[in-house]
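First comes the structure, then the notes that go with it.
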Amino acid sequence: MSTHFTEADIDESESLLWTGKQSYASMVSSIMLGLILAPVGLGLLILLNVYITLEYTSYAVTDKALYKKKGMLSDKISRVPLNKIQNTEYSRSWAEKQFGYGSVEISTAGSDGSQLRFRAIEDPKEIQEKINSLTKDVNSKKTTSTEKTEIDTEKIATELRETRENIEDI
């Protein structure tokens, strides 16, 4: 039983746009070390850790939030709403670039450093661009909503002034 995101893991009002897991290539050195140390017994623990990491951690992007799901016996799901995202960064070492994977770090308002990290995923630049695009869309809707509120406030203030002047004339 591996940990994959499904529609049941996200809010009902959200649409699942992307799901991913850590790249198997990111664990090659750990797998090799585990195989070398397997006769000693320590290698089996290393291989078990690799298996748990790869099979029981997954990531998701929806139209409203980012998710990280971890857990083997129980699930821990972290959610970061798109409107809270302040910055995204992706990084790839030389080796990661050769194998086509890297990490995306997401920082939110009021947090120190990275709030959420999609570790060793395939096409990190593409995922970062998707997140940035979604964040921009959410923030532009928020700005439009704020502008409408300001316009409505101005209308109300004008009507109140007119009403006051009419009352004073009576």
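The values are calculated or read from the model by the stated rules, or taken from the named source; none is laboratory data. This is a predicted model, so every value here is computed, not measured. Please note: Cβ atoms are built from the backbone with ideal geometry, for glycine as well, and neighbour counts cover all protein chains shown. Remember, those area values only see protein heavy atoms, side chains included, never the ligands or the DNA or RNA. Shrake-Rupley method; radii C 1.70, N 1.55, O 1.52, S 1.80 Å.
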Problem set entry | For Q115, distant residues with modelled amide H under 5 Å away | I106, S107, T108
Seminar exercise, completed: Computed ³J(HN,Hα) along region 84-99: with the Karplus parameters 6.51/-1.76/1.60, θ = phi - 60°, integer Hz and x for glycine or proline, the list is 9, 6, 9, 7, 10, 9, 10, 9, 8, 6, 4, 5, 4, 4, 5, 9
For this session: Mind grabbing the base-10 log of I(q)/I(0) for region 1-142 at q = 0.08, 0.09, 0.19 Å⁻¹? Debye formula, identical points on the C-alpha positions, no solvent, two decimal places.
Result: -0.25, -0.31, -1.14
For this session: Within region 55-79, find all residues whose amide N lies under 20 Å from a label point positioned 7 Å from the Cα of S140 along Cα-to-beta-carbon.
Result: 62-66
Exercise. Which chymotrypsin sites (Phe, Trp or Tyr not before Pro) from region 71-124 combine a DSSP loop assignment with at most 12 other Cβ atoms within 10 Å?
Worked result: none
Problem set entry | Members of K64/K84; K69/K130; K68/K97 lying beyond 21 Å, as alpha-carbon distances in this model show | K68/K97
Problem set entry | Stokes-Einstein translational diffusion, region 65-121 - Kirkwood Rh over all Cα pairs, 1.306 mPa s, 10 °C, in µm²/s | 127
Seminar exercise, completed: For the chain, whose charge dipole is built from +1 on Lys and Arg Cβ atoms and -1 on Asp and Glu Cβ atoms, the candidate among Y101, N139, N83 with its Cα farthest towards the positive end is Y101
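Suppose all protein chains stay in the model; what accessible area per residue would a 1.4 Å probe give for the chain, in Å²?
Numbers: 11120 Å² over 170 residues.
Heavy-atom accessible area per residue stands at 65 Å².
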Problem set entry | Full-stretch length increase - I77, K97 - with 0.36 nm per residue and alpha-carbon distance subtracted | 4.4 nm
Exercise. Exactly which trypsin sites (Lys or Arg not before Pro) in region 47-91 are in a DSSP loop and have at most 14 other Cβ atoms within 10 Å?
Worked result: none
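Rounded to the nearest 0.05, what FRET efficiency is calculated for S133 and L33 with R0 set to 41 Å and r the Cβ-Cβ distance? The partial results should precede the final answer.
Numbers: r = 39 Å, r/R0 = 0.95.
The formula returns an efficiency of 0.60 here.
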Exercise. What are the residues whose amide H is under 5 Å from the amide H of A65, where those residues sit 5 or more places off or on another chain and H is modelled from the backbone?
Worked result: L82
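Would you work out what percent of the accessible area of the chain, with all protein chains in place, is carbon or sulfur (probe 1.4 Å)? Numbers along the way, then the final one.
Values: 5850 of 11120 Å².
Percent of accessible area from carbon and sulfur atoms in the chain: 53.
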